[in-house]
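Participant: Here it is, the structure in full.
The values are calculated or read from the model by the stated rules, or taken from the named source; none is laboratory data. Note that the coordinates shown come from a computational prediction; the quantities given were computed from them, not determined experimentally. Please note: Cβ atoms are built from the backbone with ideal geometry, for glycine as well, and neighbour counts cover all protein chains shown.
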Amino acid sequence: MSKIEEHTKIQRIKIDIKNKLGKVTYVTDAEHNSHITIDPNICRDCPHHMCIYGCPTRCYNLIDGEIKFQYEDCVECGTCFIMCDQGSVSWTNPRGSFGVKYRIG
């Protein structure tokens with residue numbers, strides 16, 4: 001196998017992000033202190049729901065026409081805040097001692 005074929009094969013390997021998240025530990029804050037909140041009224045009228053496509057950990061899902069956000073898997077990258085051009089996503093740093101604790105990488 002040539003180097004180019006080998007590189008192409010490596011690129012085709014799908015990464016299951018949910019399994020990779022097993023290497024990360026979280027200290028989540030209570031739901032009312034989540035570092036990310038969304039305004040469902042704004043999301044309801046959103047023409048594209050870019051947060052779904054931008055979130056690398058798939059914390060956003062469209063269920064029965066409504067955006068559902070699962071903050072427990074968030075890796076605090078801020079992509080959703082940047083992707084949301086409708087003003088629905090509010091993002092702040094987690095309170096002290098809460099948030100993601102990276103063990104590897």
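Participant: Of these, Gly65, Gly54, Gly78, which one is among the small types (Gly, Ala, Ser), surrounded by fewer than 10 Cβ atoms within 10 Å (Cβ to Cβ) and modelled with pLDDT of 70 or more?
Facilitator: Step by step, each of Gly65, Gly54, Gly78 is checked, and only Gly65 is among the small types (Gly, Ala, Ser), surrounded by fewer than 10 Cβ atoms within 10 Å (Cβ to Cβ) and modelled with pLDDT of 70 or more.
Participant: Could I ask something else about it? Do we have His49 as at positive phi, at pLDDT 65 or above and not charged (D, E, K, R) here?
Facilitator: Yes: the conditions hold for His49.
Participant: Then there's this: So, in segment 42-78, of the ones that are of a type in the set (Phe, Trp, Tyr) and in a strand (DSSP E or B), which residue ends up nearest to the chain's Cα centre (by Cα)?
Facilitator: Checking each candidate, the answer is Tyr60.
Participant: Just wondering, is there one or more residues in segment 49-59 that are of a type in the set (Val, Ile, Thr), out of contact with any strand residue (DSSP E or B) (no Cβ under 7 Å at 6 or more places or on another chain) and in contact (Cβ under 8 Å) with a residue 24 or more places away in the chain?
Facilitator: Yes, segment 49-59 contains a residue that is of a type in the set (Val, Ile, Thr), out of contact with any strand residue (DSSP E or B) (no Cβ under 7 Å at 6 or more places or on another chain) and in contact (Cβ under 8 Å) with a residue 24 or more places away in the chain.
Participant: Could I ask something else about it? State the number of residues belonging to segment 47-65 that are more than 17 Å from Ser34 (Cβ to Cβ) and not β-branched (Val, Ile, Thr).
Facilitator: Here the count works out to 10.
Participant: Considering only segment 79-96, I want to know if a residue exists there that is outside any strand (DSSP E or B), in contact (Cβ under 8 Å) with a residue 60 or more places away in the chain and touching a His at 6+ places or on another chain (Cβ under 7 Å).
Facilitator: Looking through segment 79-96, at least one residue is outside any strand (DSSP E or B), in contact (Cβ under 8 Å) with a residue 60 or more places away in the chain and touching a His at 6+ places or on another chain (Cβ under 7 Å).
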